[in-house]
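Presented below is the structure to which this report refers.
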């Protein structure tokens, strides 16, 4: 084990500083996640104990983060942990965990099998920006060229819930694309109505069943399993109050596609949701899930190494 690390082993100057200061390392998947953590949510709360970093190369999923953690612990002797988006389970084709509705079971289950890595409850870290009260104000204050945009809170949340259901319904199609290792159409589900999505989904299923590579695929059960899981999630959501249902569905819907739908629907700029990050920072509202995780990390390191 050595405490010497070359500067080119770190993705950013932030990583070099973290190494020199011997701070606990928490690895995230991408630059957007890192920006949210260090510039908007936890700007000074944990700065004396934790450095938020990216894996070498600047981006990476669960494999890259796992490797970065191992290197930090084994080569540098610095405690390290990681946070990955829930959508990593889509890439791993782990459908049961991806659509697990019980938060406590999900947390205890350690879906990626690494005790140093936590999987976010929501689909992506950006989804934590879409807290309903903030989202309502954001849309009402920023929508452009959309005279029929609902402004009353009850009408707006119903509209938002419908958009979330639309993105949820594309889940089985995304799962099949992932199983076949085929790129998912970028614009699909952004402008389509719920009826169009369901109709095109059934047409897609029929086409897939005729593909030779699908008939020979080990992933054939996906076409039955994932729609059943999605149907159960939709039923559970619709049994809740509309604003609770929308917030709960952020676990199971593609955040970027949902944001694209909202921008299209309300005439918003595709970067406008960063206003929400600024609002959270000003009001000192942070995702409690991540705050609790960072506190647990500090406690675990103090218990292992001494405060």
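FYI, it's all coordinate maths here, none of it is from the lab. In this text, all values refer to a predicted model and were calculated from it rather than measured experimentally. Using ideal geometry, Cβ is built from the backbone for each residue, glycine included, and neighbour counts are taken over all protein chains shown.
Rounded to the nearest 0.05, what FRET efficiency do residue 231 and residue 108 give with R0 = 30 Å and r taken as the Cβ-Cβ distance? Could you check? All intermediate terms of the calculation are to be shown ahead of the outcome.
Values: r = 25 Å, r/R0 = 0.83.
Taking R0 as 30 Å, the efficiency between residue 231 and residue 108 is 0.75.
Arrange the following residues from fewest to most other Cβ atoms within 10 Å of their Cβ: 73, 265.
Numbers: 73 16, 265 19.
Least to most surrounded, the residues fall as 73, 265.
Which of 37, 246 comes first, and how do the rest follow, when ranked by fewest Cβ neighbours within 10 Å? The partial results should precede the final answer.
On the way: 37 22, 246 26.
Taking fewest neighbouring Cβ atoms as first place, the list is 37, 246.
Mean separation of Cα pairs under 8 Å and 6+ residues apart, divided by the residue count of region 131-272: what relative contact order is that in percent? Before the final figure, lay out each step's value.
Working: 121 pairs, mean separation 59.6, N = 142.
Relative contact order for region 131-272 comes out at 42 percent.
Please compute the length gained on full extension between residue 63 and residue 238, using 0.36 nm multiplied by the number of residues separating them and subtracting their Cα-Cα distance.
Values: separation 175, 0.36 × 175 = 63.00 nm, distance 3.55 nm.
Extra length from residue 63 to residue 238 when fully extended: 59.5 nm.
Which of 182, 173 has the fewest other C-beta atoms within 10 Å, and how do the rest follow up to the most?
Working: 182 12, 173 21.
Arranged by neighbour count, lowest to highest, 182, 173 become 182, 173.
In whole angstrom, note down how far apart the Cα centers of region 247-307 and region 177-230 are.
If you average the Cα positions of each part, the centres end up 29 Å apart.
Just 126, 200, 169 to compare: in a GNM of the chain, with alpha carbon springs under 10 Å, which one fluctuates most?
200
Can you tell me which of 43, 88, 210 moves the most in a GNM of the chain? Springs connect C-alpha atoms under 10 Å apart.
Of 43, 88, 210, the most mobile in the Gaussian network model is 210.
Pick from 101, 221, 287: which is most flexible by mean-square fluctuation in a GNM of the chain where alpha carbon atoms under 10 Å apart are linked?
So, out of 101, 221, 287, the one fluctuating most is 221.
As a test of the formula, what do you get for the chain when each DSSP H run with n ≥ 4 contributes -39,500 (n - 2.57) and the sum is divided by the residue count, at 222 nm and rounded to the nearest 500 deg cm²/dmol? Please report the intermediate quantities before stating the final value.
Details: 16 runs with 162 residues, N = 307.
It comes out at -15500 deg cm²/dmol, rounded to the nearest 500.
Can you give me the Rg/Rh ratio for region 131-272, using Cα atoms for both radii and the Kirkwood formula for Rh?
On the way: Rg = 16.4 Å, Rh = 16.2 Å.
Here the Rg-to-Rh quotient is 1.01.
Under a crude label model (7 Å from the Cα following the beta-carbon direction), how far is residue 198 from residue 43 in nanometres?
Placing both labels 7 Å beyond Cα along the Cβ direction yields 4.6 nm.
Can you give the angle from 0 to 90° between the axis of helix 255-266 and the longest principal axis of the chain, with both taken from C-alpha atoms, to the nearest 10?
50
What do you get for Rg/Rh of the chain when both radii come from the Cα atoms and Rh is the Kirkwood radius? Spell out each step's value before the answer.
Working: Rg = 20.7 Å, Rh = 20.9 Å.
Taking Rg over the Kirkwood Rh, I get 0.99.
Subtracting the Cα-Cα distance from 0.36 nm times the residue separation, let me have the gained length for residue 299 to residue 187 in nm, one decimal. List each step's numbers first, then the result.
Numbers: separation 112, 0.36 × 112 = 40.32 nm, distance 4.42 nm.
Full extension from residue 299 to residue 187 adds 35.9 nm.
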